[in-house]
Amino acid sequence: MQKQWIGCSPNNYRQGRPVGFRPELIVIHVIVGSLLSADRWFNNPAASVSAHYGVGCDGQVHQYVSETDTAFHAGVVVNPDCELVLDRPHVNPNYYSIGIEHEGQPGDPWTDEQSAASAALIAEIAQRWSIPIDDRHVIQHHQIRASKTCPGGMQKVAVLIARAQILPVQNALVARAQTPPVQDAPVARVPAGPVQPVLPATIQATPVPSVSAGLGEVRIVSMVRVRKGAPSTSVREVTVLPIHALFRPTAAVIGESVRGNAAWYRDADGNFIWAGGTDAPHPTI
């Protein structure tokens, strides 16, 4: 993904990390202001604070500190409930975390562009450092410093986690769909002599479902909740579909596993339903 390097005042971060420490935790913050204000504040030598990244409402990603360096974003610990922090009561969380700031105020909803960019950034960081994408390793700042409302509720973080979890699957589907089909092998030629029946040795490309292809309609067999924005039970519920109702999906995706089934359907408006509540609970994904 595209990132703009902004940099940071040398007073506001530490080069490298202490010996034996590496990123294991991703901490989500809110700027309480604009992305430009974060650019300026992190480059103010008097600030004594920083973060590795900032994500704007329009999806811009600014980088202030290298991931291999220590940003000053979560060093004050107050009544934490994050397991990784509780397991290390006398260790500064900055040593083993990466901080991502988000443009806006704690009560502001994040735009789709902002959520999409942040989720992609989380997925990229998680892959680079082998960090699990779950609520133990992607947390809100409030879970380290309970006196702060940052970033404004776990619901925001839950959406980012859900979107980041499905990105590798979606990227794999897109890559497969864009792979040219295998060409038919040439027909074998029979030498001169008695005519023998020759069958063409044809290799067919494996059919790959398009991520945007219509899937027809599925029928609801047990009441299912329609979720907005991500295939997860932790995101906002917009309505409930009764038994025998019809749902028209545009894609089948991998999301949160419910009762052992991680398949979900998505419609054209970005709504999701769990496939296990339909008459086609195991779509080809």
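Just so it is clear, none of the values below were taken in a lab; they were calculated from the coordinates. Since the structure is predicted, the reported quantities are computational estimates derived from the model, not experimental observations. Here Cβ is always computed from backbone atoms with ideal geometry, including for glycine, and neighbour counts include all displayed protein chains.
Translational diffusion coefficient, Stokes-Einstein: compute it for region 218-277 using the Kirkwood radius over C-alpha pairs as Rh, at 20 °C and 1.002 mPa s, and state it as an integer in µm² s⁻¹. Diffusion coefficient, whole number: 193 µm²/s. Sorting the segments 125-134, 110-119 by their residues' average number of neighbouring beta-carbon atoms within 10 angstrom, most packed first, yields 110-119, 125-134. Cross-link reach is defined here as a Cα-Cα straight distance under 25 Å, omitting same-chain residues fewer than 8 places apart; for K3 the lysines meeting it are K156. The modelled label-to-label distance for the pair H282/N44, using points 7 Å beyond Cα in the direction of Cβ, is 5.9 nm. Scaled against 2.2 N^0.38 Å for its residue count N, the alpha carbon radius of gyration of region 4-169 is 0.93. In region 14-139, what % of DSSP beta bridges are antiparallel (nearest 5)? Antiparallel bridges make up about 35 percent of those DSSP assigns within region 14-139. Its alpha carbons give region 1-55 an Rg and a Dmax of 12.3, 35 Å.
At what distance in angstrom do the alpha carbon centres of region 12-30 and region 84-143 lie from each other? Between the Cα centres of region 12-30 and region 84-143 lies a distance of 11 Å. The distance from the alpha carbon centre of region 237-285 to that of region 36-81 is 37 Å, rounded to a whole number.
For F42, the shell of other residues with beta-carbons less than 13 Å away shows a net charge of -2, using +1 for Lys and Arg and -1 for Asp and Glu. Per residue, the average separation of C-alpha pairs within less than 8 Å and at least 6 apart gives region 4-169 a relative contact order of 30 percent.
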